[in-house]
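Peer 1: My structure is below; once you've seen it, I'll send some questions.
Bear in mind that the values in this text are calculations on the coordinates, not laboratory data. Everything numeric in this text was worked out from a predicted model, so none of it was measured. Note: ideal-geometry Cβ built from the backbone for every residue, glycine included; neighbour counts use all protein chains shown.
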Amino acid sequence: MKRLRIAIQKSGRLSENSRNLLKECGIKLTNGAGVLKTSAGNFPADILFLRDDDIPRYVEQQVADIGILGENVVYEKNMDVDILEKLGFANCRLSLAIPREVEFTGPDYFNNKRIATSHPGLLSEYLSANNISARIEKLSGSVEIAPGIGLADAICDIVSSGSTLDTNGLQEVITILNSQAVIIGNKNLDDEKRAILSKLLFRIKAVKRSNENKYILLNAPKSAVDQICSILPGIKSPTVLPLAEKGWCSLHSVVREDDFWERIDLLRKAGAEGILVIPIEKMIL
Ligand code: ATP
Ligand code: MG
């Protein structure tokens, strides 16, 4: 039987989340430091540990069948691969930043400036789409120090909290791209590999959903059930069970993590008591 070759980042910001995702999908990886390839014991997959920059080319050439990496690198490398699923981690953006003391006058500010970046492809696309003529200084890392040492007037780099920019006396002025981790796939997978891939994607979706949702249990007087049901949309409708105490019931449902606190406030106002919120291990629809 064939095995799906999955490329993940060897070490860096994506590696821990990528390994955890595979683990949560029931794919156990056993590897020691320095190992470049390992086989999953309980799923037809081999894992390759690579630099993230190399993953798009390896997937295009089918050295790996699929890979996990940031969208920024996928678009930067511009290889002929499919984006199969967004993964919701490694959220960041690619932005232009200039020294804090400089007044920003709009995109034209960058005309005739030198911009340091390790994303020359995305930057030059942005510059030509906006008719800006600037010089790109290509660096492979530590881009944020370039203005301070006189190598560039501005930078185009990955930002998440903005604290690295701040430490280096820079201000973020334009966002070029929002990015998160994604799975990319080779375009010519045969049927056998596609079958393994669809099994994996099914599991990934279940894991993603479970991370985005919580299971909620609460007690409420029967008179409040209708109002509470309208606050708790759930997957279908909430489960309502009678309690031993007359006139009371217990409601069970699923709430989204992102508006979870808002819902809790509404539920309490509607008369809910004894609210329990439980993480969901897997969520299969
Ligand atoms: P490699 O050695 O594999 O080439 P790298 O140094 O190029 O690694 P990392 O810094 O590990 O890359 O970042 C990997 C990806 O994580 C980036 O391409 C981006 O998508 C995302 N990322 C980078 N910085 C942040 C951040 N501060 N917060 C969230 N995500 C980030
Ligand atoms: Mg890299």
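Peer 1: How big is the gap, in Å, between the Cα center of the range 161-180 and the Cα center of the range 89-156?
Peer 2: Each part reduced to its Cα centre gives a spacing of 11 Å.
Peer 1: Within the range 183-255, which GluC sites (Glu not before Pro) sit in a loop by DSSP and count at most 10 neighbouring Cβ atoms inside 10 Å? Numbers along the way, then the final one.
Peer 2: On the way: sites: Glu192, Glu212, Glu245; in loops: Glu245.
Those that pass, being in a loop and sparsely packed, are Glu245.
Peer 1: Within the chain, what percent of beta bridges assigned by DSSP are antiparallel, to the nearest 5? Kindly include the intermediate steps, with their values, before the conclusion.
Peer 2: Values: 43 of 58 bridges.
Approximately 75 percent, going by the DSSP bridge assignments.
Peer 1: When you count, for each residue, the other Cβ atoms within 10 Å and take the mean per peptide, how do 131-140, 175-184, 58-67 rank with the highest first?
Peer 2: On the way: 131-140: 14.4, 175-184: 19.2, 58-67: 21.7.
Going by the mean number of other Cβ atoms within 10 Å, highest first, we get 58-67, 175-184, 131-140.
Peer 1: Would you mind telling me the antiparallel percentage of the DSSP bridges in the range 92-179, rounded to 5?
Peer 2: Details: 13 of 20 bridges.
Here the antiparallel bridges make up roughly 65 percent for the range 92-179.
Peer 1: Something else: Near Lys23, which lysines are there with a Cα under 24 Å away, not counting those fewer than 8 places off in the same chain?
Peer 2: Here the lysines satisfying the reach criterion relative to Lys23 are Lys2, Lys10, Lys37, Lys86, Lys193, Lys199, Lys205, Lys208, Lys214, Lys282.
Peer 1: Something else about it: Summing Lys, Arg as +1 and Asp, Glu as -1, what charge do residues with Cβ under 12 Å from the Cβ of Pro221 carry, Pro221 excluded? Please report the intermediate quantities before stating the final value.
Peer 2: Values: positive: Lys222, Lys246; negative: Asp226, Glu245, Glu273.
Counting the neighbours of Pro221, the net charge comes to -1.
Peer 1: Between Leu241 and Lys23, what length comes free when the chain is fully extended (0.36 nm per residue of separation minus the Cα-Cα distance, one decimal in nm)? Don't jump to the answer; show the numbers that get you there.
Peer 2: Values: separation 218, 0.36 × 218 = 78.48 nm, distance 3.50 nm.
Extra length available between Leu241 and Lys23 comes to 75.0 nm.
Peer 1: While we're here: What's the magnitude of the charge dipole for the chain around its Cα centre, counting Lys and Arg as +1 and Asp and Glu as -1 at the beta-carbon? Answer in Debye, nearest 20. Provide the component values of the computation, followed by the final result.
Peer 2: Working: 36 positive and 36 negative charges, 239 e Å.
I would put it at about 1140 debye.
Peer 1: Sort the range 1-63 into rounded, prolate or oblate with this rule: let a ≥ b ≥ c be the square roots of the eigenvalues of the Cα gyration tensor; rounded if a/c is under 1.5, and if a/c is not under 1.5, prolate when a/b is larger than b/c, oblate otherwise.
Peer 2: Values: a/c = 1.62, a/b = 1.12, b/c = 1.44.
Oblate is the answer for the range 1-63, as a/c is 1.5 or above yet b/c matches or exceeds a/b.
Peer 1: Under 1.5 on a/c is rounded, so check that first for the chain, then, if it is not, pick prolate when a/b is larger than b/c and oblate when it is not; a ≥ b ≥ c are the square roots of the alpha carbon gyration tensor eigenvalues. Kindly include the intermediate steps, with their values, before the conclusion.
Peer 2: Values: a/c = 2.83, a/b = 1.45, b/c = 1.95.
The shape class here is oblate.
Peer 1: Right, here's the next one. So what is the calculated 222 nm ellipticity per residue for the chain, using -39500 (n - 2.57) for each DSSP H run with n of 4 or more, over all residues, to the nearest 500 deg cm²/dmol?
Peer 2: Working: 8 runs with 77 residues, N = 285.
Dividing the helical sum by the residues of the chain leaves -8000 deg cm²/dmol.
Peer 1: If the cut-off is a Cα-Cα distance under 17 Å, which aspartates and glutamates reach Lys113, setting aside same-chain residues fewer than 8 apart in sequence?
Peer 2: Cα-Cα hits under 17 Å: Glu101, Glu103, Glu125, Glu137, Glu144, Asp153, Asp157, Glu172.
Peer 1: Tally Lys and Arg at +1 and Asp and Glu at -1 over the other residues with C-beta under 15 Å from the C-beta of Leu189: what net charge comes out?
Peer 2: On the way: positive: Lys2, Arg3, Arg5, Lys187, Lys193, Arg194, Lys199; negative: Asp46, Glu60, Asp65, Asp80, Asp82, Glu85, Asp190, Asp191, Glu192.
Taking every other residue near Leu189 into account, the sum is -2.
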